[in-house]
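First the structure, in the form of structure tokens, and then the observations on it.
The values are calculated or read from the model by the stated rules, or taken from the named source; none is laboratory data. Since the structure is predicted, the reported quantities are computational estimates derived from the model, not experimental observations. Quick reminder, even Gly has a Cβ in these numbers, built from the backbone with ideal geometry, and neighbours come from all protein chains shown.
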Amino acid sequence: MVDLLCLTAVHPEVRWRSHRVFRKGERAQCETSTVPGEDADERRARALEGLTTLLDLRRRGLRAPIPMFPGASGKILERLRAGKAAPSSVELIAAGFQGWKPFHMPGDQGDDAVRYCFDASYEELASEPATAADPTARLHHGGSRLLAFSLALADGLCVLDHVLVPE
């Protein structure tokens with residue numbers, strides 16, 4: 001997605017597409033992504049916004065540990081991609097728990113770096129309140145700092161552009 005954002009920022013007149021090929025069960029799947037926008041100016045603006053968000057998350061993570069975990073964030077992104085309507089913050093936190101617990105593979109809970117930086121249960125981390133200094137996204141985090149960071153990642157990757165946010 002970062003490559004797609006960079007290409008779109010430099011040449012927004014081209015409707016770039018990226019294809020993610022992956023295995024789901026015994027079948028191969030292909031997911032196509034684009035940077036949304038009606039015209040070149042909108043696509044460039046959205047690509048630059050996404051890149052800025054991702055760069056901000058990287059800089060924050062270089063300064064101090066942030067509550068954004070690969071497994072949990074991956075499951076949250078998966079849940080966001082699964083439907084057109086925005087799931088509740090409770091549903092997203094529950095989805096993230098699947099990436100926290102090691103079901104048939106390593107999870108965030110067992111990661112040495114996670115245990116070193118965040119000595120708490122998933123429930124404790126998910127209930128840590130968001131602050132005004134935390135990143136923002138198009139979808140509300142429900143007051144959870146963990147969810148604020150995961151949703152900012154989703155926003156930077158343009159996942160939330162395809163999710164209908166309830167009024």
May I ask you to verify whether Arg115 is basic (Lys, Arg) and either closer than 15 Å to Ser89 by Cα or at pLDDT 95 or above (or both)? no
Among Ala94, Ala113, the single one that is out of contact with any helix residue (DSSP H, G or I) (no Cβ under 8 Å at 6 or more places or on another chain), surrounded by fewer than 21 Cβ atoms within 10 Å (Cβ to Cβ) and within 30 Å of Pro36 (Cα to Cα) is Ala94
The residue that is nearest to Leu77 (Cα to Cα), considering only those in the stretch 92-140 that are among the aromatic types (Phe, Trp, Tyr) and touching a residue at least 40 places away in the same chain (Cβ under 8 Å), is Tyr122
When restricted to Arg44, Arg63, the only residue modelled with pLDDT of 95 or more, farther than 20 Å from Leu147 by Cβ and surrounded by 15 or more Cβ atoms within 10 Å (Cβ to Cβ) is Arg44
Discussion item. Quick check on the stretch 8-19. Is at least one of its residues touching a residue at least 40 places away in the same chain (Cβ under 8 Å), not hydroxyl-bearing (Ser, Thr, Tyr) and not assigned by TED's automatic domain parsing to the domain that holds Phe149?
Written reply: yes
